[in-house]
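Have a look at the structure below, then the notes.
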Amino acid sequence: MTLYGLDATTDDATTPVSTTPQSTTPESAALDSTIPGSATPHSTALHPTALDSATLVRTLVAAQFPHWADLPVRALDASGTANSVYRLGEDKAVRLPRTEGSAADVATEHHWLPRLAPQLPVPVPTPLAQGAPAEGFPWAWSVCTWLEGGNPTPSDGTWAPELFAADLAEFVLALRRVDTADGPPAYRAEPLASRDERTRKVIAELDGVLDAAAATAAWDDALAAPAFTGAPVWAHGDLQPGNVLVAEGRLTGVIDFACMGLADPAVDLIAAWYLLPAAARETFRTAVEADDASWRRGRGWALSIAVMELAAYRESNPVMARNAWWVIGELLAG
């Protein structure tokens, strides 16, 4: 397929992956929050940049958690759009939400992550403390454990991704097995079809930037798949490169559970296109036992999310835009 404007085969394969636990937002708040049925629409109101600094973090920590006041604070270079992340000492991270909606996720993660963690095959952040608004910062914020690792680059042809694909499948299956009693709806709990109007509008707006006819055909195919009618299961909801940690080609951690909750299991199949090259997708699909209908819905989820991310971040966030280009290219390649 042809992609216009930003090269889908960028040199990010040679760029060192970050050891930063990044926080990627569900598409763009401005786009995704308009989808009917979206469980927790994220406000687009960003806090002022002046309220986002290592100095502010030191002040907040010293005032509210004085036993950590002497730990060094280091701002991290992350491409995420939901939280600003700071390293606190050697084994902790501070997350300052960038929007009101992201701040609402703090309590959800503090409640559910300790319950999910023992049932998952890889480490996830452990919430350590929940901070309160102060010093001009308007929302709740959090301190959690720091997890080492880099973010995967699926376009990098120098690694063998089959083991990583199997690791991903193990994580997805373990999450699905968690008891759903009292579980909240996921951020992407709505039926795929409810995204139809907005997805088509964004594809049309991107005509000339991408192959709109091919993208529309792929979207039509996803919507033609049988709808999910089963009981919803636990899903991470946002298995993208910035939310996954790897070392030596293996999955070592999963972070940023802001989108977690109960949903169609096809939602987590976006990992096949966001995290894996084509050669490893069948390994993942076989391991998670995805039938044709769920696989097609998973393609639809990946496409809808990616075109909205591209529309939102093409000019403002090169990392998010490259991820979206990669996904769209892989989906339209067949």
Fill in the blank from the handout: Only one of Leu251, Leu245 is open to solvent by 10 Å² or more (accessible area, probe 1.4 Å), within 21 Å of Val319 (Cα to Cα) and outside any loop (DSSP other than H, G, I, E, B), namely Leu251
Practice task
Assess whether Val209 counts as being farther than 30 Å from Val178 by Cβ and either in contact (Cβ under 8 Å) with a residue 60 or more places away in the chain or in contact with a helix residue (DSSP H, G or I) (Cβ under 6 Å, 6 or more places away or on another chain) (or both).
Solution key: yes
Exercise for the section: Have a look at Asp264, Asp256, Asp268 and point out the one that is open to solvent by less than 30 Å² (accessible area, probe 1.4 Å) and modelled with pLDDT under 95. Expected result: Asp256
Handout entry: Subset of region 226-279 that is farther than 17 Å from Pro125 by Cβ and among the aromatic types (Phe, Trp, Tyr) - its residue that is farthest from the chain's Cα centre (by Cα)
Key = Phe228
Completion exercise
By my count, helices (runs of 4 or more DSSP H) wholly in region 271-334 with at least 3 residues that are in contact with a Cys (Cβ under 6 Å, 6 or more places away or on another chain) and on the phi > 0 side of the Ramachandran plot are none
Practice task
Could you pull out the residue among Asp105, Asp156 that is under 18 Å from Gly237 (Cβ atoms), of a type in the set (Asp, Glu) and either buried (at least 21 other Cβ atoms within 10 Å of the Cβ) or touching a residue at least 60 places away in the same chain (Cβ under 8 Å) (or both)?
Solution key: Asp105
Exercise for the section: Using the structure shown, decide if Pro226 is in contact with a helix residue (DSSP H, G or I) (Cβ under 9 Å, 6 or more places away or on another chain), crowded, with 24+ Cβ neighbours inside 10 Å and farther than 20 Å from Leu113 by Cβ. Expected result: no
Handout entry: Residues satisfying the stated conditions in region 117-162, i.e. among the small types (Gly, Ala, Ser), in contact with a helix residue (DSSP H, G or I) (Cβ under 8 Å, 6 or more places away or on another chain) and not in a strand (DSSP E or B)
Key = Ala132, Gly136, Ala140, Ser155, Gly157
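The values are calculated or read from the model by the stated rules, or taken from the named source; none is laboratory data. Model, not experiment: these values are computed from the prediction. Please note: Cβ atoms are built from the backbone with ideal geometry, for glycine as well, and neighbour counts cover all protein chains shown. Surface areas here come from the heavy atoms of the whole protein model, side chains and all, with no ligands, DNA or RNA. Shrake-Rupley method; radii C 1.70, N 1.55, O 1.52, S 1.80 Å.
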